[in-house]
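Enquirer: First the structure, then my questions, so here it is.
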Amino acid sequence: MFKRARPKPEKHLPYFQFVKGMKAGACPVCGAVRSSLDDWFENLLYESANDRPLRHRFDAEHGLCARHAHRLCASNDGLGAAIVYRNVLEATVASLSRGKSPPLNEGKCVACDQEADAETRYAGLVADFLDESEMRAGLEASGLCMPHFAAVLELVGDPPPWFLERHRSVCEALLSVLVRYIDCQKLSTEARKAALSFEDEMAWKRLAPLLTGEPI
Ligand SMILES: [Zn+2]
Ligand SMILES: [Zn+2]
């Protein structure tokens with residue numbers, strides 16, 4: 001048994017939803033954060049006109065950071081996006097009319113805070129229930145991205161060996177494929193094709209999701 005850094009709460013609905021949503025090969029914390037942010041954006045676009053504190057902050061920060069602004073524009077809710085961004089664009093036009101630089105978001109936004117809250121919540125949930133059989137089986141199949149692995153590790157302090165080994169071995173296996181892939185570039189096209197499978201050729205695509213997390 002490993003030592004718990006946190007008191008263990010009762011299993012609750014978010015735990016069961018989290019475990020049910022785990023998929024092989026995809027970080028479940030990234031997935032849960034993404035779906036929590038989907039709900040938040042839906043609410044922002046639907047309710048935003050009525051939420052004065054949120055609107056005030058949104059306008060004061062000149063909208064969303066680049067990543068979340070693109071996320072908003074990918075949402076298919078044109079009317080909601082137009083309404084929440086109207087003041088920001090008006091301020092931009094006013095600045096330009098006075099020959100001034102446009103007000104810019106400085107890289108942090110209200111959606112960043114929502115995302116950070118959800119990450120803390122779901123990393124905490126993994127840490128709290130790490131030794132439950134459904135959680136372990138789910139994590140053995142899915143694995144965590146490295147940022148979420150690090151977040152859970154910080155919370156549990158003294159993790160079970162399987163948890164470390166699961167993530168170490170995935171990184172080591174990817175490294176070994178990439179080293180082989182690099183070495184095979186010296187070979188003729190035919191010899192390279194014989195030495196590398198299609199998955200081996202494409203393994204480098206797993207670097208960003210593994211090392212930085214999946215797109216939220
Ligand atoms: Zn993740
Ligand atoms: Zn943001």
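Enquirer: Which residue is surrounded by the fewest Cβ atoms within 10 Å (Cβ to Cβ), if the candidates are limited to the range 38-65 and must be modelled with pLDDT of 95 or more and within 29 Å of PHE18 (Cβ to Cβ)?
Expert: Only one residue tops the list, namely CYS65.
Enquirer: Just to be sure before I move on: is GLU106 assigned by TED's automatic domain parsing to the domain that holds ALA66, within 25 Å of LYS11 (Cβ to Cβ) and touching a residue at least 40 places away in the same chain (Cβ under 8 Å) in the structure I sent?
Expert: Answer is no for this residue.
Enquirer: For the range 141-156, which residues satisfy the criterion of being surrounded by fewer than 14 Cβ atoms within 10 Å (Cβ to Cβ) and either among the β-branched types (Val, Ile, Thr) or over 26 Å from ALA208 (Cβ atoms) (or both)?
Expert: none
Enquirer: Within the range 66-85, take every residue that is within 20 Å of LEU104 (Cβ to Cβ) and surrounded by fewer than 12 Cβ atoms within 10 Å (Cβ to Cβ) and give me the one that is farthest from ligand 2 (Cβ to nearest atom).
Expert: Result: ALA82.
Enquirer: From the set of residues in the range 157-193 that are in contact (Cβ under 8 Å) with a residue 40 or more places away in the chain and over 21 Å from LEU211 (Cβ atoms), which is surrounded by the fewest Cβ atoms within 10 Å (Cβ to Cβ)? Quick ask: steps written out before the conclusion?
Expert: Taking the range 157-193 as the starting set, the residues that turn out to be in contact (Cβ under 8 Å) with a residue 40 or more places away in the chain are 157-160, 170.
Next cut, over 21 Å from LEU211 (Cβ atoms) only: 157-158, 160.
Details: GLY157: 12, ASP158: 10, PRO160: 14.
Applying the filter and picking the extreme gives ASP158.
Enquirer: Which condition does ASN76 not pass, out of (1) on the phi > 0 side of the Ramachandran plot; (2) in contact with a Cys (Cβ under 7 Å, 6 or more places away or on another chain), if it passes all the others?
Expert: Going through the list (1) on the phi > 0 side of the Ramachandran plot; (2) in contact with a Cys (Cβ under 7 Å, 6 or more places away or on another chain), ASN76 breaks only (2).
Enquirer: I need every pair where a residue in the range 57-72 that is part of a helix (DSSP H, G or I) has its Cβ under 7 Å from the Cβ of a residue that is small (Gly, Ala, Ser), sequence separation at least 6 or different chains.
Expert: Final answer for the pair search is HIS68/ALA111; ALA69/GLY63; LEU72/ALA81.
The values are calculated or read from the model by the stated rules, or taken from the named source; none is laboratory data. Note that this is a predicted model, so its numbers are computed, not measured. Ideal geometry is used to build each Cβ from the backbone, glycine not excepted, and the neighbour counts take in all protein chains shown.
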